[in-house]
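Following: one structure in structure tokens, then a few remarks.
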Amino acid sequence: MLKDLGLLISLQNVDIELDKNKKKSEETIAQVKEADEKSEKIENNYKDKKEESKTTRIKKREKEKKIDEIDLMLVKHDNEKYKVKSKPEFEALEREISVLDNKKRETEDILLELMEKEEELGQFIPDLEEKLEKTRIELNQKKESLKSELSDVSRLIEQLGKKREELTHQLDPYHLKLYEQLRQRKEGLAVVLVKKNICQGCFMKVSPSLVEQIKHQEEITYCENCNRILFFLK
Ligand SMILES: [Zn+2]
């Protein structure tokens, strides 16, 4: 067999493996990223709920304090009622009491809402904590396994890269350039097998005279249809 044809067949095999592993590496990196994003989303959700719970507690305390203040004012006004001397003064006091009563009712409504929210969060957060812990463990395990996969693939890519370099060094530069151009134009497949007289690159029939030529393996032969380099397995 022509020396360069043998080298080209080997190079194509190495490149197919390289392409496959590079794709796998990219996919694995994407999966690691996805796991990280998922984990971040869950952590953020948890932090948000904790913050919400803290804010609710503060607001609740503010409203409780407000109600206490209003109560004090109401007691004070109640006492004043007995001390006023004129009717307008009495009416003004009554109006003020009515305003305070309304204010108190409004504040109590808000307080009730805040209490309900606090209770809801109080039930939700422990569940979330449990879920968070479980997800953390699962995602960490997944990430560890992905990283180990990635390291295996990287090692393989490195080995294949070395093999590729050895092959390309032995190849005639003209044939190498041709191969690279073909690979670029033909979705990575430059050297293909002829099986049952059919080119395995474009799946078209190869002419009998060309089949004879390929069988001799004394020169580089190209498919009449797709221009890929052809070879036979003996
Ligand atoms: Zn073809």
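The values are calculated or read from the model by the stated rules, or taken from the named source; none is laboratory data. The structure displayed is predicted, hence computed values, not measured ones. Counting neighbours? That spans all protein chains shown, and the Cβs are built from the backbone with ideal geometry, glycine included. Side chains are part of the model used for accessible areas, which takes the heavy atoms of the whole protein and leaves out ligands, DNA and RNA. Shrake-Rupley method; radii C 1.70, N 1.55, O 1.52, S 1.80 Å.
With θ taken as phi - 60° and the Karplus curve 6.51 cos²θ - 1.76 cosθ + 1.60 applied, the whole-hertz 3J(HN,Hα) list for segment 128-145 is 5, 4, 5, 5, 4, 5, 5, 5, 4, 5, 4, 5, 5, 4, 4, 5, 4, 5 Hz, x standing for glycine and proline. Relative to its Kirkwood radius, the Cα radius of gyration of segment 87-234 gives an Rg/Rh of 1.67.
Ordered from highest to lowest accessible area with the whole protein assembly present and a 1.4 Å probe, E64, E89 read as E89, E64.
Of all the options M73, M115, M204, the one that moves most in a Gaussian network model of the chain with Cα springs shorter than 10 angstrom is M73.
Based on protein heavy atoms only, segment 25-156 ends up with 76 Å² per residue of surface accessible to a 1.4 Å probe.
Among the listed pairs K33/K162; K20/K195; K65/K103; K76/K103; K63/K104; K24/K162, give every one whose C-alpha distance is greater than 21 Å. With Cα atoms farther than 21 Å apart: K33/K162; K20/K195.
Please give the Cα centre distance for segment 26-43 versus segment 123-174, rounded to the nearest Å. Computed from Cα coordinates, the inter-centre distance equals 12 Å. Surface composition of the chain: carbon and sulfur atoms hold 51% of the protein heavy-atom accessible area at a 1.4 Å probe. Considering all different alpha carbon pairs of segment 171-234, the Kirkwood hydrodynamic radius works out to 11.8 Å.
Would you kindly calculate the translational diffusion coefficient of segment 32-104, applying Stokes-Einstein with the Kirkwood radius from alpha carbon pairs, for 20 °C and a viscosity of 1.002 mPa s, and quote it in µm² s⁻¹ without decimals? Roughly 133 µm²/s, to the nearest whole number.
With no solvent and one equal point scatterer per Cα, compute the Debye intensity ratio I(q)/I(0) for segment 25-156 at 0.13, 0.17 Å⁻¹ and report its log10, rounded to two decimals. Those come out to -0.74, -0.93, one per q. Each peptide in 191-198, 169-176 was scored by the mean count of other Cβ atoms within 10 Å over its residues; highest first, the order is 191-198, 169-176. A simple rule links phi to the HN-Hα coupling: the Karplus curve 6.51 cos²θ - 1.76 cosθ + 1.60 with θ = phi - 60°, which for segment 97-108 gives 4, 5, 4, 5, 4, 4, 4, 5, 4, 4, 5, 5 Hz, with x for Gly and Pro.
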